[in-house]
Amino acid sequence: MSDRRLIQGMYRGCPKLTENVLLNLEGDQHAERRAIMAPLFKTESIVDLEAEIASAIPGCLETMNRCGSADLVDLAEQFSLETAIRLVGLDASAHRQRLLELVRIFGQAATMQHSTEDPQGLEAKATECLIGFVSDYFDPAWGPIASPNNSVLSMLHASVERGDLSREQAIRDTAFSLQASIFSSANGAVHAFHEICQHYPEIEMRVNLATDPIRLQECLHEALRLHPASPVSVRLDPAQKDNPLVIDLEGANRDVAVFGIDADIFNPDRIHDHRWPYVGLTFGVGHHSCPGRELAAGQVRTRSRLGTKNNVGTLTRFLAALFELGVSPNPAEPPKASEITTRQIWASYPVSKISPGERL
């Protein structure tokens with residue numbers, strides 16, 4: 001994965017959406033595009049954005065507070081959308097649900113390699129959605145005044161003004177950034193919630209966990225290790241593109257030689273002697289590693305780097321808010337896995353809020 005002679009072998013199934021986006025670039029082009037986005041992912045910027053996003057959590061949980069029940073997949077996607085809107089620099093205050101529906105199609109098209117749907121039909125839907133996205137969301141935010149400073153859009157706009165990038169490429173980069181920011185994070189949050197509830201069956205244990213962000217972050221990292229967003233990574237030799245190298249991320253993350261004999265189970269107390277991150281290869285490694293990992297998961301810990309309370313990641317903040325409210329799996333409605341992809345994705349995860357009086 002660190003070998004720069006190999007090129008990205010996934011995320012190329014829908015050129016209208018994925019052509020020449022950061023994840024599919026190599027060499028100097030990749031370095032130049034990554035440099036455009038670099039200011040967004042400095043630690044000081046991430047800490048400020050994490051604090052801002054944390055303040056939006058109560059609004060995302062309004063349905064849970066009002067009704068006492070909800071679908072955690074929907075809650076996690078709504079929260080991840082709030083994160084993505086701020087990172088990208090969109091104003092979607094009145095049309096969030098429509099934006100989420102559009103970007104959901106972008107996510108399915110970007111991961112077409114694992115989709116069970118018709119590829120041509122999916123590409124056609126993504127192309128149509130891209131037109132609506134541009135007119136309703138991209139165009140109103142495009143410009144040095146419309147888009148906030150220190151956002152994806154402001155960085156891309158400056159690059160287009162310099163002549164380094166076309167407007168069409170900026171559209172693809174924006175749409176791809178949105179889907180990448182939302183669905184991996186949302187699915188990771190639901191997997192972490194599930195694993196934590198299994199490990200800590202007593203609700204008061206989870207309520208107490210909400211007051212210890214570093215411990216909760218350890219739990220998140222262990223869940224992300226077990227459930228990488230993509231089960232595999234694919235690399236190609238430019239001279240032999242018909243012979244892909246498939247890297248088993250899920251298998252590597254459960255390697256007993258690295259993570260111990262209990263590598264297949266959720267163990268937030270895990271300690272290993274290796275230099276590898278405790279999340280394994282979930283965020284990738286090398287030049288195609290995820291630039292948003294510190295925003296989503298905080299400082300990714302190793303044995304010598306355990307994180308700080310002001311940078312535990314937006315997903316840790318979201319989980320803390322859920323557990324503080326007493327949100328628990330709904331025993332009357334078991335969760336369901338998605339049937340439209342071979343990835344480990346939840347289609348629904350019903351949850352209910354248990355009040356303090358009911359906990360006794």
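The values are calculated or read from the model by the stated rules, or taken from the named source; none is laboratory data. Please read all numbers here as calculations on a predicted model, not as lab measurements. Because the Cβ atoms are built from the backbone with ideal geometry, glycine has one as well, and the counts that use them run over all protein chains shown.
Of the residues making up region 330-343, those that are in contact with a Ser or Thr (Cβ under 8 Å, 6 or more places away or on another chain) and assigned to a strand (DSSP E or B) are Lys336, Thr341.
Can you find a residue that is farther than 20 Å from Ala296 by Cβ and buried (at least 16 other Cβ atoms within 10 Å of the Cβ) anywhere in region 67-85? Looking for residues that are farther than 20 Å from Ala296 by Cβ and buried (at least 16 other Cβ atoms within 10 Å of the Cβ), one finds at least one in region 67-85, hence yes.
Scanning region 298-329 for residues that are buried (at least 17 other Cβ atoms within 10 Å of the Cβ) and among the polar types (S, T, N, Q) returns Gln299, Asn311, Thr314, Thr316, Ser328. Residues that are hydroxyl-bearing (Ser, Thr, Tyr) and closer than 22 Å to Glu128 by Cα within region 10-43 comprise Tyr11, Thr18, listed in sequence order. For region 286-325, a residue qualifies if it is of a type in the set (A, V, I, L, M, F, W, C) and either over 21 Å from Lys42 (Cα atoms) or more than 16 Å from the chain's Cα centre (by Cα) (or both), and the qualifying residues are Leu306, Phe318, Leu319, Ala320, Ala321, Leu322, Phe323, Leu325. One residue stands out among those in region 160-184 that are hydroxyl-bearing (Ser, Thr, Tyr) and modelled with pLDDT under 95: the one that is farthest from Lys353 (Cα to Cα), which is Ser177. Of everything in region 19-45 that is in a loop (DSSP other than H, G, I, E, B) and either basic (Lys, Arg) or surrounded by fewer than 16 Cβ atoms within 10 Å (Cβ to Cβ) (or both), the residue that is modelled with the lowest pLDDT is Lys42.
Can you find a residue in region 205-215 that is in contact with a helix residue (DSSP H, G or I) (Cβ under 6 Å, 6 or more places away or on another chain), surrounded by 24 or more Cβ atoms within 10 Å (Cβ to Cβ) and more than 30 Å from Leu102 (Cα to Cα)? Yes, the conditions are met somewhere in region 205-215. Listed by position, the helices (runs of 4 or more DSSP H) inside region 57-102 whose residues that are among the acidic types (Asp, Glu) number at least 2 are 72-88.
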